[in-house]
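The values are calculated or read from the model by the stated rules, or taken from the named source; none is laboratory data. Small disclaimer: the values here were computed from a predicted structure and weren't measured. Backbone-built Cβ (ideal geometry, glycine too); neighbour counts: all protein chains shown.
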Amino acid sequence: MSYSVTVVEKGRNYVRLLFRGVPLALLNAVRRASMEYVPTMAIDFVTFNNNTSPLHDEIIAHRLGLTPLYSEEAIRKYRGPEECVDVSPEVSTDCYAVLSLQESTGDGEVKTVYSSDLKPVTDPDVKPVYDKIPLIVLGPKQEVSLDAYARLGRGVDHIKWSPVTTAVVTYSARLNVDLGLCTLCGKCAEVCPRGALTIEGGTIVAREEKCILCRQCVRACPVEAISLGFKEDEFYLDIESSGALRPETVIVEAFKVITSKLDAFLSALNSIKAQSGG
Ligand code: SF4
Ligand code: SF4
């Protein structure tokens, strides 16, 4: 069976791929692995030295946990989530990256503390992806001083470790207009939200790659000239990253996760076979 993959669109945190000949079940597994099993760094716990801000320690820790951290280098450098989940940072330095936040205000001063104020201490590669996430507003003569410990984790345990904001598999449209029936009234082009149907040079042009299968055109066509379906062996995979990992890294790591799970499954089957003397 032949298969192919084409990059349809790509941005810093977004990629759209078109797969041909790849089973839908496999792409759905990649989608789920992207959300739940590809590891990223996120702040696991926080030690507060001082907090006189209006926010409770727990609220600040929660906000810090949900602040995306660069993880491209970290996924190769640090030990995996399962090895670090119950390990103290004093015991293992290759589980945790430490970040620090030290902010205070003077008399009559009010200040917003942003994610850029969270500074890496032990590893310059693990730092907030975005600078302008507001974390705390300090009133006059207030202080927050803390150390934050980040480790690799998985989205299946907490969404803060998920590297994606969206991961979607969609069908690829099959769009045909019966030119024998079409009166070129243009109603389908008017309602199409993606410009997939247009009247050009006295004929109707269909661009399947733009179609999102919303069926607006089918409803609008007065003569039922449009047939709409999907291709059995073509699917789009859209991945939008939180910024912790590049979207292409997310997809490669998701395939690795699936491969290692299948390897573990095969080993289990082989051991059953060996035990039964097969
Ligand atoms: S199904 Fe929707 S997106 Fe596709 S051609 Fe019709 S109106 Fe346009
Ligand atoms: S709405 Fe139907 S008849 Fe009108 S241009 Fe589109 S396909 Fe042709």
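The set of residues in the stretch 230-248 that are over 13 Å from Thr170 (Cβ atoms) and either in contact with a helix residue (DSSP H, G or I) (Cβ under 8 Å, 6 or more places away or on another chain) or not in a helix (DSSP H, G or I) (or both) comprises Glu232, Asp233, Glu240, Ser241, Ser242, Gly243, Ala244, Leu245, Arg246.
Per this entry, Val126 is counted among residues that are crowded, with 16+ Cβ neighbours inside 10 Å, β-branched (Val, Ile, Thr) and under 21 Å from Ser242 (Cβ atoms).
Among the residues making up the stretch 214-230, a single one is within 15 Å of ligand 2 (Cβ to nearest atom) and touching a Ser or Thr at 6+ places or on another chain (Cβ under 7 Å): Val223. Scanning for something within 15 Å of ligand 2 (Cβ to nearest atom), loosely packed, with under 15 Cβ neighbours inside 10 Å and among the aliphatic types (A, V, I, L, M), does the stretch 197-213 turn up at least one residue? Scanning the stretch 197-213, I find at least one residue that is within 15 Å of ligand 2 (Cβ to nearest atom), loosely packed, with under 15 Cβ neighbours inside 10 Å and among the aliphatic types (A, V, I, L, M), so the answer is yes.
Name the one entry in Pro68, Pro89 that is in contact with a Gly (Cβ under 8 Å, 6 or more places away or on another chain) and within 17 Å of Ala42 (Cα to Cα).
Going through Pro68, Pro89 in turn, the sole match is Pro68.
For the stretch 2-13, indicate whether the set of residues that are among the β-branched types (Val, Ile, Thr), touching a residue at least 40 places away in the same chain (Cβ under 8 Å) and under 21 Å from Lys160 (Cα atoms) is non-empty.
Kept after step one, since they are among the β-branched types (Val, Ile, Thr), are these residues of the stretch 2-13: 5-8.
After this cut, where a residue has to be touching a residue at least 40 places away in the same chain (Cβ under 8 Å) as well, the list is 8.
Cutting the leftovers down to under 21 Å from Lys160 (Cα atoms) gives us none.
No, the stretch 2-13 has no match at all.
Scanning the stretch 167-195 for residues that are within 11 Å of ligand 1 (Cβ to nearest atom) and of a type in the set (Gly, Ala, Ser) returns Ala173, Ala189, Gly195. For Glu103, the requirement of being without any contact (Cβ under 8 Å) to a residue 12 or more places away in the chain and in contact with a strand residue (DSSP E or B) (Cβ under 6 Å, 6 or more places away or on another chain) is not met. Answer yes if at least one residue in the stretch 203-215 is touching a Cys at 6+ places or on another chain (Cβ under 8 Å) and more than 9 Å from ligand 1 (Cβ to nearest atom), and no otherwise. So far as the stretch 203-215 goes, yes, one or more of its residues are touching a Cys at 6+ places or on another chain (Cβ under 8 Å) and more than 9 Å from ligand 1 (Cβ to nearest atom).
In this structure, does Leu101 turn out to be in a strand (DSSP E or B) and either modelled with pLDDT of 95 or more or under 16 Å from the mean Cα position of the chain (by Cα) (or both)?
Against the criterion (in a strand (DSSP E or B) and either modelled with pLDDT of 95 or more or under 16 Å from the mean Cα position of the chain (by Cα) (or both)), Leu101 qualifies.
One line per residue, one yes/no per condition, for (1) touching a Leu at 6+ places or on another chain (Cβ under 8 Å); (2) within 30 Å of Lys127 (Cβ to Cβ):
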site	(1), (2)
Cys217	yes, no
Cys221	no, no
Ile226	yes, no
Lys231	no, no
Ala254	no, yes
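Of all residues in the stretch 251-262, none are surrounded by fewer than 14 Cβ atoms within 10 Å (Cβ to Cβ) and either more than 30 Å from Trp161 (Cα to Cα) or near ligand 1 (Cβ under 9 Å from one of its atoms) (or both).
Tally up the residues in the stretch 148-184 that are part of a strand (DSSP E or B), in contact (Cβ under 8 Å) with a residue 60 or more places away in the chain and either over 23 Å from the mean Cα position of the chain (by Cα) or within 30 Å of Asp57 (Cβ to Cβ) (or both), please.
So the count comes out to 8.
Against the conditions (1) within 30 Å of Pro247 (Cβ to Cβ); (2) over 24 Å from the mean Cα position of the chain (by Cα), Glu234 satisfies every one except (2).
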